[in-house]
Amino acid sequence: MIGGEDMRALFGSILERIQDAQLRDKTVQAWVLACERGGWRSVAELQEMPFTLLTNTRGVNFIEHTIAVTEGAYQLAKAQEAAYHALPYQIDYDRLLAGGLLHDVGKLLEFERDQQGNCRKSRSGRCARHPISGTCIAYEVGLPDEVLNTIACHAKEGDGRPQCVETVLIHQADFATFNPLVMLESGTLIQ
């Protein structure tokens with residue numbers, strides 16, 4: 001069984017940067033609840049899980065992807081803050097970090113392991129993609145609307161929808177980790 005201590009061990013350096021203790025705890029609670037609902041029993045299973053079923057991930061796992069997206073969005077925000085003479089919008093770093101950690105948490109319900117130990121789309125995943133199931137989990141543990149927006153709108157479900165700036169940053173970081181793998185697979189990535 002995966003618990004809060006496991007999540008703190010995986011994401012400790014990011015979680016520590018979330019100043020709001022309640023937001024930090026609810027972020028951990030959402031991960032634990034999603035692991036439980038999805039039937040994931042060990043950190044090792046999470047580290048073997050691909051972050052997408054849409055292309056060959058070349059060994060990049062779900063945890064690595066989550067960290068890369070969160071750190072990428074964070075650094076993008078910091079770069080804007082440093083480069084712009086006056087940042088035209090406010091970035092809430094607590095929401096950015098929580099949203100980054102949770103953007104794909106619904107994949108814990110969307111994916112399952114088959115009899116050979118490979119990941120495939122679950123029945124739940126065929127009924128609702130991860131932005132929907134992840135938003136439901138986050139709502140259930142009481143996360144704020146802005147974090148719900150990040151989870152719900154970070155992928156195609158967010159196209160044309162109102163979004164928090166944190167959602168925009170996470171969306172960009174997410175696709176910056178996904179698109180090169182798709183292009184590599186199709187032979188369109190120039191190297």
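Nothing in this text is a laboratory measurement; each read-out follows from the coordinates by a stated rule. This one's a predicted model, so the numbers in the text were calculated from it and none came from an experiment. Glycine also receives a Cβ, built like all others from the backbone with ideal geometry; neighbour counts cover every protein chain displayed.
Quick notes
- Contact order relative to length of segment 90-129, as percent, for alpha carbon pairs under 8 angstrom and 6 or more apart: 32
- Segment 1-61 - percent relative contact order, Cα under 8 Å, separation 6 or more: 36
- Every helix of 4 or more DSSP H residues in the chain counts as -39500 (n - 2.57), and over all residues that averages to -19500 deg cm²/dmol at 222 nm.
- Pairs of Lys in the chain closer than 19 Å at Cα, counting only those 8 or more apart or on different chains: 4
- Longest DSSP-loop-exposure-free segment, chymotrypsin sites (Phe, Trp or Tyr not before Pro), the chain, at most 10 other Cβ within 10 Å: 90-191
- In terms of overall dimensions, the chain has a Cα radius of gyration and Dmax of 16.1, 56 angstrom.
- Take every Cα pair under 8 Å whose residues are at least 6 apart in sequence, average their separation, divide by the length of segment 42-191, and the relative contact order is 25 percent.
- In nm, spacing of pseudo-spin labels at GLU71 and LEU189 (7 Å Cα→C-beta vector): 1.7
- Membrane-span-like helices of the chain, defined as complete DSSP H segments with a Cα extent of 30 Å or more along the helix axis and a mean Kyte hydropathy of at least 0.5, are identified as 165-186.
- Net lengthening on full extension, ALA9/VAL60 (0.36 nm per residue, minus Cα-Cα): 16.5 nm
- Cut-off under 5 Å, modelled amide H: who pairs with SER122 long-range: PHE111, GLU112
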